[in-house]
Amino acid sequence: MTDQADIAAWRRGAAHADCAACFKSARAQIADVVRTKRPICLASGACCKFDEYGHRMYLSGLEAAFVVARIDAARAARAANPLRILEVDDAKSRGDCPYLRAGMCGEHEERPLGCRIFFCDKGADGLGADWQSELYEATHRDIIALHEQLGVPYRYLEWREALAMFART
């Protein structure tokens with residue numbers, strides 16, 4: 001499939017009630033684990049400064065479509081413009097997320113699953129990365145199954161590349 005065809009399929013899938021239910025369930029599962037593990041967030045924005053922190057954030061095309069649709073709807077409700085390619089390009093140049101505002105997530109309520117799981121704090125036991133990886137893999141398996149259930153193509157994309165794809169269409 002082409003990018004355009006994939007994006008159209010992901011947008012259709014993201015509008016499906018099963019998609020919303022799956023992400024609601026995943027978000028609840030993540031919130032429960034985070035409440036149990038109690039990692040510390042210093043609200044430094046380091047996790048969103050991908051180049052500086054030395055990591056990338058990935059998600060599926062369907063998750064990208066779901067998150068972008070919800071963020072764009074929230075921005076429209078606040079009389080803000082939907083994401084534009086210039087914002088994504090500027091973020092790539094800076095090495096961070098286009099939703100990072102004054103060191104904090106400007107779209108915290110609708111952020112992707114990976115953003116909900118990743119914490120700089122590795123915890124007193126030093127096992128933060130282990131529980132984060134295990135939780136991400138478990139929730140991502142459900143997202144892969146959702147792609148299959150909805151009959152939409154699966155692609156694993158870097159966050160800003162996915163945003164650029166959606167901003168161009």
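In the range 11-33, how many residues are closer than 15 Å to residue 112 by Cα, in contact (Cβ under 8 Å) with a residue 60 or more places away in the chain and surrounded by 12 or more Cβ atoms within 10 Å (Cβ to Cβ)?
The number of residues fulfilling the criteria is 8.
Among the residues of the range 35-61, write down those that are among the small types (Gly, Ala, Ser) and modelled with pLDDT of 80 or more. Lay out the reasoning, then the answer.
Filtering the range 35-61 for residues among the small types (Gly, Ala, Ser) gives 43-46, 54, 60-61.
54, 60, 61, listed by residue number.
Looking at the range 49-90, which of its residues are polar (S, T, N, Q) and farther than 26 Å from residue 132 by Cβ? Steps first, please.
Within the range 49-90, the subset polar (S, T, N, Q) is 60, 81.
Listed by number, the list holds a single entry, 81.
Among the residues of the range 56-81, write down those that are without any contact (Cβ under 8 Å) to a residue 60 or more places away in the chain and either surrounded by 13 or more Cβ atoms within 10 Å (Cβ to Cβ) or within 24 Å of residue 9 (Cβ to Cβ) (or both).
So the first thing to find is which residues in the range 56-81 are without any contact (Cβ under 8 Å) to a residue 60 or more places away in the chain, and the list is 66-67, 69-81.
Within the range 56-81, 66, 67, 69, 70, 71, 72, 73, 74, 75, 76 meet the criteria.
Which count do you get for residues in the range 74-103 that are at pLDDT below 90, touching a Pro at 6+ places or on another chain (Cβ under 9 Å) and assigned to a helix (DSSP H, G or I)?
The qualifying residues number 3.
Could you grab me the full set of residues in the range 148-159 that are in a helix (DSSP H, G or I) and crowded, with 21+ Cβ neighbours inside 10 Å?
Going through the range 148-159, the residues in a helix (DSSP H, G or I) turn out to be 148-150, 159.
159 - this is the single residue of the range 148-159 that is in a helix (DSSP H, G or I) and crowded, with 21+ Cβ neighbours inside 10 Å.
Before we move on, is residue 52 part of a helix (DSSP H, G or I), in contact with a helix residue (DSSP H, G or I) (Cβ under 9 Å, 6 or more places away or on another chain), buried (at least 18 other Cβ atoms within 10 Å of the Cβ) and of a type in the set (Asp, Glu)? Before the answer, list the steps.
Working: part of a helix (DSSP H, G or I): yes; in contact with a helix residue (DSSP H, G or I) (Cβ under 9 Å, 6 or more places away or on another chain): yes; buried (at least 18 other Cβ atoms within 10 Å of the Cβ): no; of a type in the set (Asp, Glu): yes.
For residue 52, the condition - part of a helix (DSSP H, G or I), in contact with a helix residue (DSSP H, G or I) (Cβ under 9 Å, 6 or more places away or on another chain), buried (at least 18 other Cβ atoms within 10 Å of the Cβ) and of a type in the set (Asp, Glu) - is not met.
Just for the range 104-139: of the residues that are closer than 16 Å to residue 42 by Cβ and of a type in the set (A, V, I, L, M, F, W, C), which one is modelled with the lowest pLDDT?
124
The values are calculated or read from the model by the stated rules, or taken from the named source; none is laboratory data. This structure is a prediction, so every number in the text was calculated from the model and none was measured. When we count neighbours, we look across all protein chains shown, and the Cβ atoms used for this are built from the backbone with ideal geometry, even at glycine.
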